[in-house]
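Down below is the structure, laid out as structure tokens.
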Amino acid sequence: MLLKLQKNAKITLSILFIFIGIALLTFNYFGSVKSNLFNEKNIELLSQQIELPEEVKTIDEEEPDITSPVQPSTTGYIGYLSVPDVNIKRGFVDFDNPDNTLSKNIMLIKGSSMPDVKNGNLILAGHNGRSWYSFFNDLYKLKDGAHAYVTYNGRVYDYTLKNRYDVPKIGTITVQRNGDVNTLTLITCHRTDNHKQVVFIFELSNVTIA
């Protein structure tokens with residue numbers, strides 16, 4: 001009788017362990033599926049495809065401009081970018097303004113949204129080189145955590161550098177950013193590789209009255 005009870009107990013335990021194993025495998029499987037779906041959703045949120053205008057497609061280091069620069073009018077500026085660590089302070093104009101060009105200013109890229117748009121992304125491009133209008137020449141010196149400030153519509157938007165990465169010059173760029181926060185994206189050419197551009201991603205950290 002005792003042997004029979006022991007045998008039945010072993011069978012019961014074996015069945016119990018089998019059910020526990022199946023339950024764990026099922027939990028891990030569905031957990032993995034859920035995680036993959038979540039990651040795919042994150043990637044979708046973080047990716048923004050931007051078409052670049054022709055002059056940004058070919059943005060490159062240039063020879064010094066030997067002629068006297070013709071400064072554009074500053075009366076059309078809708079905002080200002082300041083990056084104190086690399087001595088950048090420059091205005092930008094609206095999309096359709098004739099001065100919205102790399103040879104006169106930093107350039108506001110279509111697909112941008114202004115800093116006061118929730119979870120928006122302000123995208124600016126600038127030359128890197130030896131010309132008088134190479135306003136982004138020293139961006140490469142920035143360290144993670146550096147600050148950039150955008151003055152727009154009576155407020156100062158304080159952004160913190162979170163990431164930078166290289167992209168090929170193919171006429172478009174994919175902006176990888178946190179879709180849950182306001183961001184500032186700066187684009188310039190690569191210092192040593194003429195086939196690449198560099199994307200700097202800043203995230204909004206503070207807003208004050210100008």
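Calculate, in nm to one decimal, what residue 47 and residue 191 gain on full extension: separation in residues at 0.36 nm each, minus their alpha carbon distance.
49.4 nm
Where a ≥ b ≥ c are the square roots of the eigenvalues of the C-alpha gyration tensor, would you call the stretch 79-183 rounded, which needs a/c under 1.5, or, failing that, prolate if a/b is larger than b/c, or oblate?
Cα axes put the stretch 79-183 in the rounded bin.
Using only the alpha carbons of the stretch 111-162, determine the length spanned along each of the three principal axes and report them from longest to shortest in whole angstroms.
36, 22, 21 Å, listed from the longest principal axis down.
Please find the FRET efficiency linking residue 207 to residue 85, where r is the Cβ-Cβ separation and R0 is fixed at 22 Å, and quote it to the nearest 0.05.
With R0 = 22 Å, the Cβ-Cβ based efficiency is 0.65.
Please give the contour-minus-distance gain from residue 180 to residue 163: 0.36 nm per residue of separation, less the Cα-Cα distance, rounded to one decimal in nm.
4.6 nm is the gain from fully extending residue 180 to residue 163.
Which residues' amide hydrogens lie under 5 Å from the amide hydrogen of residue 163, considering only partners 5 or more residues apart or on another chain, with H built in the peptide plane?
Result for residue 163 returns 201.
Give me the Å³ per residue figure for the convex hull around the C-alpha atoms of the stretch 153-208.
Given the Cα convex hull of the stretch 153-208, per-residue volume reads 101 Å³.
What's the local net charge at residue 198, with K and R +1, D and E -1, over the other residues with C-beta under 10 Å away?
+1
Computed from the coordinates by the stated procedures, all read-outs in this text should not be read as laboratory data. Note that this is a predicted model, so its numbers are computed, not measured. As a convention, Cβ positions derive from the backbone with ideal geometry for all residues, glycine included, and neighbour counts pool all protein chains shown.
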